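Beneath this line is the structure, given in structure tokens, with notes to follow.
Read the figures in this text as sums done on the coordinates, not as results from a lab. Only a predicted model underlies this, so the values are computations on that prediction, with no experimental measurement involved. Quick reminder, even Gly has a Cβ in these numbers, built from the backbone with ideal geometry, and neighbours come from all protein chains shown.
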Amino acid sequence: MDCHGSGNALSPSDGEIILVGNHNVGKSVLFGWLTGTYVTVANYPGTTVEITRGIAKRDSHRTVVDTPGVNSLQPLSDDERVTRDVLLNATPSAVVQVADAKNLRRALLITSQLADLQVPLVLVLNMTDEAHARRIVVDADKLAARLGVRVISTAATKRQGLDALVRALDAPQQIQPLVTFDDEIERALDELQEKLRGVCLRPRGVALNFLNGDPASDEFVQVRVDAKAYVEFCRVREQLQQRAAVPLSTRMQKARAKWIDETLRGVYATDAPSGSPEPFASKLGRWAVHPVWGVPILLLVMFAVYEFVGVFGAGTLVGFIEKTLFGEYINPFATALVTTLIPFQRVRDFLVGPYGVLTVALTYGFAIILPIVFTFFIAFGILEDSGYLPRLAVMAHRLFRAMGLNGKAVLPMVLGLGCDTMATMTTRTLETKKDRILVTLLLALGVPCSAQLGVVLGMLAGMDLAATLVWSGVVAGVLLAVGWLAARVIPGDTSEFVIEIPPLRMPQVSHIFIKTLARLEWYLREVLPLFILGTVMLFALDVTGALAWIQQATQPLIVQWLGLPVEATNAFLVGFLRRDYGAAGFFQMAQDGLLTREQIIVALVTITLFVPCIANFFVMVKERGVKTALAITAFIIPFAFLVGGVLNAVIRWLG
Amino acid sequence: MWSIKPPAKTNTPPDAKPFTLADLAAGQRAEIACLECPHAASCERLMAYGLVQGQSVLLVQKLPAFVIRIDETELALDEFVARCIHLTQPRA
């Protein structure tokens, strides 16, 4: 947290227009309208929270910042923390709070918190068309008078009221504190504010956050004031907290709720619609969480994603890029170029040999994985923006509860089907430590990423249905069993399940395009270097002869226990670097006729459960710490072989 | 504030168990009396969603998870959270 903007490209600069608001209030539509085509999406430093910036269409000197949707600026999540930090540190020319006119109560909570930050504010009452259809009437003038800032009614998707917003942005009024807390809190606030004045931009906001025990604000204050003053700050806070049974933050929230009730009186009126036909999207949204109808809808969505990512992405696109583009043009050309230019065989092998950086790492990264993650990110973006993911969370809730998790873990688990590494990063958004460890473990153990899934399904497609059922049944069974057991072994609390179900909406193409590009950029920057590193390590093992030695040493395990041919060792070895890389090895062996049907099933189950790729391991270390990452890996490797061996024995016994 | 009820079916004292969202039937509506969560943060989150004293809640369904509607907001929650939301008895 920094009071004044620094040179970092992501840090707030002066004169920006900052958009804030709840989820699903039409913030991104408004953002799209205010900005042109040039938009950057970047993670807020140290988080996975995305901040979008664009140049204002009507005033090219100003940037517009879109912050993540929040419920409150008294942060309870990463998103809320980031938005709060952006607001605390910026000197914006205007803050635009976008509110859903239908949900004014929830918006006013944020308004009251913005008032404590004393920012120049314009309140946009968006979706007035929908509010009107539901006979909700909001008196914008009366509300403006009560808040002391301009209130603009809009219907952003229909381009209504937007000109008035642009005019209001020229001279926004600074909002003043609206909620008066009880005397005790106010006295403490006054005392702290006095000391913070001149030290930072938003003394009341910082003082409030400090009193709430927010760690970032605590650190912020500690840095800005001298040691003696800091002790005094802490004393004020402790005195306040000790005197009442109810936590300070709850007391403040109650005071805000009271103010909201008073403010809504005479401003917000609803005349409950009766008999008006329910729109189709709303019905569909309801069916999607229905205990019976939700299931076929879920299956249909899964099938559509499979067709798009599995068949189109992993099949058609990969086929064209790998076989035609790389296989016939790029790689032969690169090999010829390297052979003529470089006289040393070792260097040639390093670049274009069987473990070459160009022929293996880059081909792999660009030709096989890129098309798959590209289609996956598009599909995921559509699921995200349409509002289906929270409904999926509701449908999966029971199943996840058996694994000691709840529906909220659906998001990282589904994302894991795209890329386990990225999914492991997003486990940060889970609330309790236990949830984070459990999801990290299950992702590493048995959630195949899109690349691996693509290869595995490609192999299973060539076999009968029974093989597919055995593979998926064993993997799903192992996930459930390990989750169930781990939930009982790992100490700590599971988080409570509360999730908002937004209305189903048609996703915006431009928004999905921007998000997909940002995610692809992340993939190229973070994941591709690891393919190169992995290939270089394999090259080194091969050159030093260590590869042959390892094959020899692990023969009892691979040949006797799993019943696989000795060449399978290679696949497991590269599987240490990438699970899908390992699966690709089996793919090759199966094509060469080296594996029987039973061997393929055993090999696929084992490699699916095998250690995550090296990128995933590094992220596990970063997110969960070395100890947990090593413990998870030390469990998974023998466990994968155990399951594989048992499956082998069972198949043999059954004949 | 007791409405007239038929004699209790069992001999449990009438005030032993509070009336919560989990006791409501799907499709029923009631007013929030108070929130009793184990952690202050849970209460604050629910309040931020608009679950405050006096608000009317509609229970849409109970399976596969509880779905409730408050004004124009729809929330999914599990039974544990539903038990934290105390309601005033709907009049028969």
Self-check item: Built amide H within the under 5 Å cut-off of A:ALA56, gap 5+
Solution: A:ARG62, A:THR63, A:VAL64
Exercise. May I ask you to derive the relative contact order of segment A:537-592, considering only C-alpha pairs under 8 Å and at least 6 residues apart, and to give it as an integer percent?
Key: 21
Self-check item: Residue-wise HN-Hα coupling along segment A:554-563, computed from phi with Karplus coefficients 6.51, -1.76, 1.60 (Hz; x: Gly, Pro)
Solution: 8, 3, x, 5, 6, 7, 6, 6, 8, x
Practice problem: Give the residues of segment A:361-380 whose amide nitrogen is closer than 11 Å to a point set 7 Å from the Cα of A:ASP542 in the direction of its Cβ. | Solution: A:361
Exercise. Could you please report the charge total around B:VAL60, scoring K, R as +1 and D, E as -1 over all other residues with beta-carbon less than 11 angstrom from its beta-carbon?
Key: +3
Exercise. Using amide H atoms built 1.01 Å from N in the peptide plane, name the residues 5+ places from A:GLY15, or on other chains, whose amide H lies under 5 Å from its own.
Key: A:THR91, A:SER93
Quiz item: If you place +1 on the Cβ of every Lys and Arg and -1 on the Cβ of every Asp and Glu, how big does the dipole about the Cα centre of the protein assembly as shown come out, in debye to the nearest 20?
Solution: 820
Exercise. Work out, step by step, the length gained on full extension between A:ARG135 and A:VAL626: first 0.36 nm times the residue separation, then minus their alpha carbon distance; give nm to one decimal.
Key: 171.1 nm
Quiz item: When the chain is fully extended, how far beyond the present Cα-Cα distance does A:ASP261 get from A:VAL489, taking 0.36 nm per residue of separation?
Solution: 77.5 nm
Self-check item: Cα gyration tensor, chain A - rounded (a/c under 1.5), prolate or oblate
Solution: prolate
Exercise. Please report the relative contact order for segment A:77-124, taking Cα pairs under 8 Å with a sequence separation of at least 6, and give it as a percent rounded to a whole number.
Key: 51
Quiz prompt | For A:GLY404, net neighbour charge (Lys/Arg +1, Asp/Glu -1) across residues whose Cβ lies under 9 Å away | solution = +2
Practice problem: Grab the other residues whose beta carbon is less than 9 angstrom from that of A:ALA367, score K and R as +1, D and E as -1, and report the net. | Solution: 0
Self-check item: For chain A, with +1 on Lys and Arg beta carbons and -1 on Asp and Glu, the positive-most of A:ALA367, A:THR316, A:ALA402 along the dipole
Solution: A:ALA402
Quiz item: Which entries in the list A:LYS57/A:LYS515; A:LYS283/A:LYS408; A:LYS433/A:LYS515; A:LYS228/A:LYS408; A:LYS228/A:LYS258 go over 32 Å, if you measure between the two C-alpha atoms of each?
Solution: A:LYS228/A:LYS408; A:LYS228/A:LYS258
Quiz prompt | Virtual spin-label span in nm between A:SER77 and A:GLU521, 7 Å along Cα→Cβ | solution = 2.4
Practice problem: Taking 7 Å along the Cα-to-C-beta vector as the label spot, tell me the A:LEU162-A:THR339 distance in nanometres, rounded to one decimal. | Solution: 5.8
Quiz prompt | Value at 222 nm in deg cm²/dmol, rounded to 500, when DSSP H runs of n ≥ 4 in chain A each add -39,500 (n - 2.57) | solution = -18000 deg cm²/dmol
Quiz item: So between A:ILE651 and A:ALA476, what do we pick up on full extension, going 0.36 nm a residue minus the alpha carbon distance?
Solution: 61.2 nm
Quiz prompt | Exposure proxy order (Cβ contacts within 10 Å, fewest to most) of B:CYS43, A:CYS613 | solution = B:CYS43, A:CYS613
Exercise. Consider a paramagnetic label point 7 Å from the Cα of A:GLU567 along Cα→Cβ; state which residues of segment A:597-628 have an amide N under 15 Å from it.
Key: A:597, A:599-600
Quiz item: So, in nm, how far is label A:TYR306 from label A:ARG505 when the simple model puts each one 7 Å beyond its Cα toward the Cβ?
Solution: 3.1
Quiz item: Got the relative contact order for chain A handy, in percent, Cα pairs under 8 Å and 6 or more residues apart?
Solution: 10
